[in-house]
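Asker: Starting off with a structure, shown below.
The values are calculated or read from the model by the stated rules, or taken from the named source; none is laboratory data. None of these values were measured; they are calculated from a predicted model. Please note: Cβ atoms are built from the backbone with ideal geometry, for glycine as well, and neighbour counts cover all protein chains shown. For the accessible areas, the whole protein counts, side chains as well, though only heavy atoms, and no ligand, DNA or RNA atoms are used. Shrake-Rupley method; radii C 1.70, N 1.55, O 1.52, S 1.80 Å.
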Amino acid sequence: MTEFIIRRTLQSVLVLFLITLVTFGLIHAAPGGPFQIMLAPGLSPEAMEIQAHNMGLDKPLPMQYLSWLGNLLQGDLGYTFKNHVPIGEIIWPTVKNTFILMSVAWLLTLVIAIPWGIYNSTKEYSLSDQTASFISYIGFAMPTFWFGIILQQIFSIKLDLLPLADMYSMDKEGQFGDLMLHLVLPVTVLTLGFLAAYVKYSRSSMMEVLNQDYIRTARAKGVQEGKVIYKHALRNALIPIITIIALDLPLLVAGAAITESVFNWPGMGRLFVQMAVAREYSVLMAITLLTAVIVIFGNLLADLLYAVVDPRVQLGKRGGRSA
């Protein structure tokens, strides 16, 4: 186990290094580059040179990258180009806001989708199964922004039951009850999107396991159906579900940009869109790096959970795990 964690940590560090290198190169290769953001109309060439020197943008790209990487290792994400504001002061509050929104939607989805998918695997083509399929089709086909706007029109504008947008009402910031009201609509939008995938994954994964020979053998021996499902089949069925959950883990930090924009939720997804429009490449770089860290952590966590869920899965010396 220790050897596996060390090896994966070294692999993760290498992956992060490559991600920062590629992203840094692409950002600085963009038309105009970050230097064009800072230029005010009518600046003289001498003033441009002074400004570029003060920001370190007159150095070769490899030197700029090493300087940025050195600051990053000290916990300094850098500064915005336009206003020279510390990036950490901009990002960390949005991370907390996005985590609140996405974790509520994500956990609600897991509580509903996984038991529902398992139940439908044993009741194929039942009313419950057909209802889940219908909801899944809607979730896959319906544009997120359109669904969010429809909910706003019905429940906020016409019925005046729920807040239209934002995280808190005016003069109510920090109040738990007000936060819960503001969560209802965006969480509904996100949960429908997650349900569309998770119910299908849970059902198909469970049905694949239930068709295995050892399940038929257990049933032939007279093992109770509940024990067949929850003791013999569920552990194996959870492995692909864990993979999907781990891959979706970055959403808890990166957020859903469209949903946050529709509901004016002050999260990282909306921030990414705003910074892309403003061409604040340094902020985009920080968000990309943070998302990459969560992706790598999610993959490592999934590998560890495989061994917990299924004892036959072991963290071997080759490829991380072997069955």
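Asker: May I ask you to list pairs of residues, at least six apart or on different chains, whose Cβ atoms are under 9 Å apart, with the first in region 138-159 being farther than 14 Å from ALA256 by Cβ and small (Gly, Ala, Ser) and the second being at pLDDT below 85 and surrounded by 14 or more Cβ atoms within 10 Å (Cβ to Cβ)?
Answerer: So the pair list comes out as ALA141/ALA196.
Asker: Can you name the condition, by its number, that TYR201 falls short on among (1) over 19 Å from the mean Cα position of the chain (by Cα); (2) open to solvent by 60 Å² or more (accessible area, probe 1.4 Å); (3) touching a residue at least 40 places away in the same chain (Cβ under 8 Å)?
Answerer: Exception for TYR201: condition (1).
Asker: If a residue has to be in a helix (DSSP H, G or I) and surrounded by fewer than 17 Cβ atoms within 10 Å (Cβ to Cβ) to count, how many in region 56-85 make the cut?
Answerer: Count: 11.
Asker: Counting just the residues of region 217-230 that are more than 15 Å from SER121 (Cβ to Cβ) and part of a helix (DSSP H, G or I), which one comes out farthest from the chain's Cα centre (by Cα)?
Answerer: Here the residue is ALA220.
Asker: Cβ contacts < 9 Å: first residue farther than 17 Å from MET207 by Cβ, restricted to region 231-256; second residue open to solvent by 40 Å² or more (accessible area, probe 1.4 Å) and outside any helix (DSSP H, G or I), any location; separation 6+ or different chain. Result?
Answerer: Filtered contacts from region 231-256: LYS231/VAL223.
Asker: Scan region 86-104 for residues that are open to solvent by 50 Å² or more (accessible area, probe 1.4 Å) and out of contact with any helix residue (DSSP H, G or I) (no Cβ under 6 Å at 6 or more places or on another chain) and report the count.
Answerer: 4
Asker: I would also like to ask the following. Output the number of the condition that THR98 fails; it satisfies all remaining conditions of (1) under 19 Å from LEU290 (Cβ atoms); (2) free of Cβ contacts under 8 Å to residues at least 12 places away in the same chain.
Answerer: (2)
Asker: Is there a residue in region 161-173 that is part of a helix (DSSP H, G or I), in contact with a helix residue (DSSP H, G or I) (Cβ under 6 Å, 6 or more places away or on another chain), at negative phi and in contact (Cβ under 8 Å) with a residue 24 or more places away in the chain?
Answerer: Within region 161-173, none of the residues are part of a helix (DSSP H, G or I), in contact with a helix residue (DSSP H, G or I) (Cβ under 6 Å, 6 or more places away or on another chain), at negative phi and in contact (Cβ under 8 Å) with a residue 24 or more places away in the chain.
Asker: Determine if region 115-133 includes at least one residue that is modelled with pLDDT of 85 or more, closer than 16 Å to HIS182 by Cα and open to solvent by less than 60 Å² (accessible area, probe 1.4 Å).
Answerer: No: zero hits.
Asker: Here is a list of conditions, (1) open to solvent by 10 Å² or more (accessible area, probe 1.4 Å); (2) in contact with a Lys or Arg (Cβ under 9 Å, 6 or more places away or on another chain); (3) over 27 Å from PRO143 (Cβ atoms), and SER261 meets all of them except one; can you say which number that is?
Answerer: For SER261, the failing item is (3).
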